[in-house]
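To start, the structure under review is shown below, and the notes come after it.
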Amino acid sequence: MNARLDVEELQLTRTEKLLAVVLTAFLLLGGVWTYTRVDDAVRSHVRLPTATLTQDPAIVRENTARLRLFRAEDRTRTTLRDLGLTREAYRTALEAHKPAGVLERQYNAAQAAYNAAQHQVEVARQALSASAPAADAAHRRAQRKVDSVLQRQARDAFFIRLGLVLLSIGFAYWLVAHMRRRRTRWFPFAGSAVGFATIFAFVLAADYITDYFDPFQWGIAIVALIGIAATLLAYLALQRYLLRRVPQRRVRRRECPFCGYPVGTNTHCEGCGREVVAPCMNCEAPRRVGTSHCGACGATS
């Protein structure tokens, strides 16, 4: 005796429905956690270039010239301060009519040091200006490399997430078909998987739609189209399944296998007029139309 029922005949309890909803929530929780960890996994495998700028010769020359300019400007400030002090001392000695030969020499030396410092500043600025074009080009190359890596990270993360969504959708519909074939009371949990996959797809769509990244807008459309196609295919498969199973269920209920009208012991349906009892093709015994086996010989056709 087979105690299994068709999926459509299962009477689910409230507890079973509640557990199915709870399972959907926990599946969604785990799915969102995995979704958010994709970026970390991608960044650990696709790393940003860190030593590009410090090793580029043009950047090194620019940094050296910038450091030389900084030191020259610092020396200029120091010599200017010394020049001001020696000039004030020399002027004071002249106004007081005191011997100022030593102070004059100190003043001239300070003036020469200041002029030399200004010359070093000018030379350093010219060197910095000369190194700037090559350094700018190196910066642009480095930025392009960084942008390329960032785009690759975003692209890889998107396709991984897209794969997770498609995998969850495919697994959910496979589980529905598998549970339906087995006609098990675990079927509500297949519905949990479908609910999770649907919400998971909406999470992906909402995430990338808010970013407005052109390369990924078609990806969202693909997810929507795949989801629509998968749902339509599942609906088509369900209808084909029902076309095979509904007549048998109607026969067991002593209904017309064509329209479902109660027939009782009649040989023709009072609802559609079709013949509901016909001779078996194997033994010619009367046989209800829509049954899987003949009640007299056990034939299947």
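The values are calculated or read from the model by the stated rules, or taken from the named source; none is laboratory data. Please read these numbers as outputs of a predicted model, since none were measured by experiment. Ideal geometry is used to build each Cβ from the backbone, glycine not excepted, and the neighbour counts take in all protein chains shown. Note: accessible area is taken over every heavy atom of the protein model, side chains too, but ligands, DNA and RNA are not part of it. Shrake-Rupley method; radii C 1.70, N 1.55, O 1.52, S 1.80 Å.
Inspection of the stretch 136-146 finds a residue satisfying the criterion of being within 22 Å of the chain's Cα centre (by Cα) and not basic (K, R).
With respect to R66, determine if the residue is out of contact with any His (no Cβ under 6 Å at 6 or more places or on another chain), under 28 Å from V146 (Cα atoms) and open to solvent by 70 Å² or more (accessible area, probe 1.4 Å). When the stated conditions are applied, R66 passes them. Among the residues of the stretch 117-129, which ones are without any contact (Cβ under 8 Å) to a residue 12 or more places away in the chain and not acidic (D, E)? Correct list: H119, Q126, S129. Quick check: is even one residue across the stretch 124-141 modelled with pLDDT under 90, assigned to a helix (DSSP H, G or I) and under 30 Å from L204 (Cβ atoms)? No, the stretch 124-141 contains no residue that is modelled with pLDDT under 90, assigned to a helix (DSSP H, G or I) and under 30 Å from L204 (Cβ atoms).
Listed here are the residues, each with its yes/no results for (1) open to solvent by 80 Å² or more (accessible area, probe 1.4 Å); (2) in contact with a strand residue (DSSP E or B) (Cβ under 9 Å, 6 or more places away or on another chain); (3) modelled with pLDDT of 85 or more; (4) not aromatic (F, W, Y).
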| position | (1), (2), (3), (4) |
| --- | --- |
| A3 | yes, no, no, yes |
| Q11 | yes, no, no, yes |
| R14 | yes, no, no, yes |
| K17 | yes, no, no, yes |
| G31 | no, no, yes, yes |
| Y35 | no, no, yes, no |
| A41 | no, no, yes, yes |
| T50 | yes, no, no, yes |
| V60 | no, no, no, yes |
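Filter the stretch 278-301 down to the residues that are in a loop (DSSP other than H, G, I, E, B) and more than 21 Å from V246 (Cα to Cα), then identify the one that is least open to solvent (accessible area, probe 1.4 Å).
So, considering only residues that are in a loop (DSSP other than H, G, I, E, B) and more than 21 Å from V246 (Cα to Cα), the one least open to solvent (accessible area, probe 1.4 Å) is A285.
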